[in-house]
1. What share of Cα pairs, in percent, lie more than 20 angstrom apart in region 437-561?
2. In terms of the Cα gyration tensor, with a ≥ b ≥ c the square roots of its eigenvalues, is region 67-208 rounded because a/c is under 1.5, prolate because a/b exceeds b/c, or oblate?
3. Round to the nearest 0.05 the FRET efficiency obtained for LYS254 and LYS149 when R0 = 35 Å and r is the Cβ-Cβ distance.
4. In debye, nearest 20, what is the charge dipole magnitude of region 312-465 about its Cα centre with +1 on Lys and Arg Cβ and -1 on Asp and Glu Cβ, if you could check?
5. Above 24 angstrom, tally the Cα pairs of region 410-501 and express them as a % of all pairs, no decimals.
6. Mind pulling the per residue volume of the convex hull built on the Cα atoms of region 193-284? Å³ is fine.
7. Could you please rank SER648, SER80, SER23, SER512, placing first whichever residue has the fewest other Cβ atoms within 10 Å of its Cβ?
8. Give the Kirkwood hydrodynamic radius (Å, one decimal) of region 299-433, defined as one over the mean of 1/r across all pairs of different Cα atoms.
Amino acid sequence: MIRKYVFGHPFETEAVVEEIAPSEGVPAYGEIKTDGEFVFSYKMDADDIVYGLGESNRGINKRGYRYVSNCTDEPNHTESKYSLYGAHNFIIIFGKETFGLFLDYPGIMEFDIGYTRQDELKVRCGDADLDFYVIDGESPYDIVKQFRKIIGVSYIPPKFAFGFGQSRWGYKTADDFRNVVKEYRDNHIPMDMLYMDIDYMDHYMDFTVNEEEFPDFKAFVDEMKAQKIHLVPIIDAGVKVEDGYDVYEEGKEKGYFCKREDGSDFVAEVWPGWTHFPDMLNPDAREWFGEKYKRLTDQGIDGFWNDMNEPAIFSTPEGVARLKEYLKEFMEETEEAPGFRLGDMVRSLANSPKDYRNFYHNVGGRLVRHDKVHNLYGFNMTRAAGEAFQKIAPGKRILMFSRSSYIGMHRYGGIWMGDNHSWWSHILLNLKMLPSLNMCGFLYTGADLGGFNGDTTRELLLRWLALGVFTPLMRNHAALGTREQECFRFEHVEDFRHVIGVRYRLLPYLYSEYMKAALGNDMLFKPLAFEFPEDKMALQVEDQLLLGNEIMIAPVYTQNAKGRYVYLPEEMKLIKFLPDGSIYEETLEKGHHYVEIALNEVVLFIRRGKKIPVAEPAECVEDIRTDTIEMLGYPEGEYKLYDDDGVSTVTEPAEKF
Ligand code: GLC
């Protein structure tokens, strides 16, 4: 049962696709104040658990901290951060009373979940203009399924996107790309995608290709295709200010960029230098920007990642002027020691709230100040592409994932989890985000395996890959200047071949479960508590997940570990994919177990009475054989395998297969 309460004059975010008539009266739970700002407060019971918030920091149970929905280019995902790249305002309170809330509001929103006072949940935002949805259900899982239904079917990528991909910021030349593919293929490490970061472009201009390096880009795309590799270029939000660059010229002429109050085009610095932001909230501008992807699809490209779309701002001319003024005053008029002020002032150039208040969107002729709708920018950039793909390649699936997002974007693309670090704690953060993201509709997700910032290690990468084996997006990506972390750079390449190989062996299962989850508005990754709500232990588990309907995963996320403790909420079969290609099976009773897991093994647990399909190893998705699939697990189990051509759009409801 879903009730919608309308406060003030909400901005139409298009997060919800189902018509729900507004309810009269006051919501059944908590208290609401609307004098100026909007505040929802609820008194939590000592044992209440709070789920949700999609891509956000800390635990699966969000209780005990503060989270701020404010899409932010945040390169340091330390525990102290309140905001990351997404804004997913959906929570579930599970306990004395069980209900879900979706606060459809595109500006900054704060969730204080027992942070200020341990028994108090407070959700706050600046304007009392929002749609407030209250969802009643039998259980958190039931509430998620109801919510997912009203926000529309999740994005489904092409099948190749379930393969492994290699990425690195820094590949520049055609030979850089060729070498990566050659090493993967020569070493027989499976691979389907090679990502192109910003250096493939001509001076970071969107929809261009550096012609010196790629004089015949189509031929290069074909050369990669011949090796069964899909190239996936990045597209950034900011359009370079550059006379003669047609995207810039056109956008300027048509008035499709975000504007300052005086009507001039707003300028922000991102990778290309000064840029303009296409007005993604203006349907005409969105259509215009979306059509540009065709320049690359025409050359054979069938996948993209959208970046810097919070939108990230390195600086603005106004910010630089403010800094100069400050420095001048400081240098000329004070003798004081600067303390941290100078450094803070310089750092405040990037992503400054002042700048986000300084530009406007044209929404149906009405000017809307950016900060009021900030969290919708990435959503609408990806929507621009998604809507365009329906025209560019009707009936076909194109790979698309974004950095920034809002609920609703899950219909147009996936997300990756942004600029993490080569830290052990980030394996766990990756795992914890998965079910929360699924609650909010984002199914095609994954983190930069091995870690983006900082130097990885062989051990960290292998352990992270052993989690990545299960995430729909399985990509190794790293930042410029960090240690090279392609799998072939490390000793005993056979271990990488094996671990990634297991992904391909499990692909029929992972693909089937993905499709069932997407088309059935279901979760792919569930906290144990969702299936075992009566089990007090299961309620607390934060480092294991159920994946699909058959398996549980419990990756290793500590350095030098030889295994880990695992909690089984029921009898299960422990499955180990051993490096010699064989599979070890052992039935384990419900309860706690220490399970040894070597660095070159992949472990999963099959739930009682279930079985899963396992294919023979293959080096790319296209080569996975379906005629030799074997079943693993409990012989009495039944499994419904889903398969299709991997590229045609699928809209059948999940019950059909
Ligand atoms: C951003 C992205 C990262 C990318 C870099 C350069 O930091 O999050 O993935 O490599 O920009 O484009």
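1. Numbers: 3829 of 7750 pairs.
In whole percent, the long-distance tail amounts to 49.
2. Details: a/c = 2.64, a/b = 2.01, b/c = 1.31.
Here region 67-208 falls in the prolate category.
3. Working: r = 38 Å, r/R0 = 1.08.
After rounding to 0.05, the efficiency reads 0.40.
4. Details: 19 positive and 15 negative charges, 229 e Å.
So the dipole magnitude of region 312-465 works out to roughly 1100 debye.
5. Numbers: 761 of 4186 pairs.
In whole percent, the long-distance tail amounts to 18.
6. Numbers: hull volume 10.5 nm³, N = 92.
Spread over its residues, the Cα hull of region 193-284 gives 114 Å³ apiece.
7. On the way: SER648 11, SER80 8, SER23 15, SER512 21.
Ranked by crowding around the Cβ, least crowded first: SER80, SER648, SER23, SER512.
8. Details: mean 1/r = 0.0550 Å⁻¹.
Computed over Cα pairs of region 299-433, the Kirkwood hydrodynamic radius comes out at 18.2 Å.
Bear in mind that the values in this text are calculations on the coordinates, not laboratory data. Everything numeric here is computed off the predicted structure, so don't read it as measured data. Here Cβ is always computed from backbone atoms with ideal geometry, including for glycine, and neighbour counts include all displayed protein chains.
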